[in-house]
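Enquirer: Please see the structure below; I have some questions.
FYI, it's all coordinate maths here, none of it is from the lab. In this text, all values refer to a predicted model and were calculated from it rather than measured experimentally. Cβ sites come from the backbone with ideal geometry, for glycine too, and all protein chains shown count toward neighbours.
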Amino acid sequence: MSRRRKVQVQCPACSHEQSVSAWHSINVTMNAKLREQFFAGEINVLVCKNCKFVGELPLSLLYHDVNLKFMAYYIPAYQLEEDDLYKTFKTDGTFASPLPGNDADTANPYGPHIVFSMRELRRYVIFREHLAGRGAAD
Ligand SMILES: [Zn+2]
């Protein structure tokens, strides 16, 4: 499933505070529109209502494509310093327990591919989609 929450964000340009809708996870098989928004750069982005500043929110994001059987998980680099991050995973890099509200997704047998930037997340999704499109070549 796809899951989001409201976060309180302060604009880095003008300090205006506003509430922004942010995604924990997107399941693009259940909701294809989220895939479009992901590639349009509209997922977990702040658009300041005051000064129109546009910037990425430094929040983790699970991308799940059920048909192509992969999950990719973006972890903002600053979280590498936080102990809680490591409780999320087993030592083999699979999820230790389902992410909150994502039982169905994170209980899947394949572990998440981990990336540390949204740009890399997009690249990985493109790679997997091209790989799947190769079809009979393998
Ligand atoms: Zn602003």
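Enquirer: How are the alpha carbon pair distances in region 39-90 distributed across 10 Å bins from zero to the largest one, expressed in percent?
Expert: Histogram of Cα-Cα distances, whole percents per bin: 19, 39, 31, 10, 1.
Enquirer: Now for a different question. Taking trypsin sites (Lys or Arg not before Pro) that fall in a DSSP loop and have at most 15 other Cβ atoms within 10 Å as cut points, what is the longest piece of the chain between them?
Expert: Details: sites that count: LYS49, LYS52, LYS69, LYS90, ARG134.
Looking at the chain, 1-48 is the longest stretch - no exposed trypsin sites (Lys or Arg not before Pro) with at most 15 other Cβ atoms within 10 Å.
Enquirer: Now a separate question. For the chain, what is the calculated [θ] at 222 nm in deg cm²/dmol (nearest 500), taking -39500 (n - 2.57) for each run of four or more DSSP H residues and dividing by its residue count? Could you put the intermediate results ahead of the total?
Expert: Values: 4 runs with 33 residues, N = 138.
Helices in the chain give a 222 nm mean residue ellipticity of -6500 deg cm²/dmol.
Enquirer: What is the magnitude of the charge dipole of the chain about its Cα centre, with +1 placed on the Cβ of each Lys and Arg, -1 on the Cβ of each Asp and Glu, and no other charges, expressed in debye to the nearest 20?
Expert: On the way: 16 positive and 15 negative charges, 90 e Å.
So the dipole magnitude of the chain works out to roughly 440 debye.
Enquirer: Across region 3-137, how many lysine pairs, 8 or more apart or on two chains, come within less than 22 Å at their alpha-carbon atoms?
Expert: The number of close lysine pairs in region 3-137 is 5.
Enquirer: Same structure, new question: Please state the relative contact order of the chain as a whole percent: Cα pairs under 8 Å, 6+ residues apart?
Expert: With pairs under 8 Å counted, the relative contact order is 19 percent.
Enquirer: OK, next. Using only the alpha carbons, work out the radius of gyration and Dmax of the chain in angstrom.
Expert: Considering the chain through its Cα atoms, Rg and Dmax are 15.8, 53 Å.
Enquirer: Now, a different point. Can you give the net charge of the other residues whose Cβ lies under 14 Å from the Cβ of PHE89, counting K and R as +1 and D and E as -1? Don't skip to the answer; put the middle values down first.
Expert: On the way: positive: LYS87, LYS90; negative: GLU82, ASP83, ASP84, ASP92.
It works out to a net charge of -2.
Enquirer: Please report the antiparallel percentage of the DSSP beta bridges confined to region 3-137, to the nearest 5.
Expert: Around 70 percent of the beta bridges assigned by DSSP in region 3-137 are antiparallel ones.
Enquirer: Which one of PHE53, ALA132, VAL9 has its Cα pushed farthest toward the positive end of the charge dipole of the chain, where Lys and Arg give +1 and Asp and Glu give -1 at the Cβ?
Expert: Selected residue: PHE53.
Enquirer: Using the charge dipole of the chain (Lys, Arg: +1 at Cβ; Asp, Glu: -1 at Cβ; taken about the Cα centre), state which of ALA32, THR91, GLY111 has its Cα farthest towards the positive end.
Expert: So the residue we want is ALA32.
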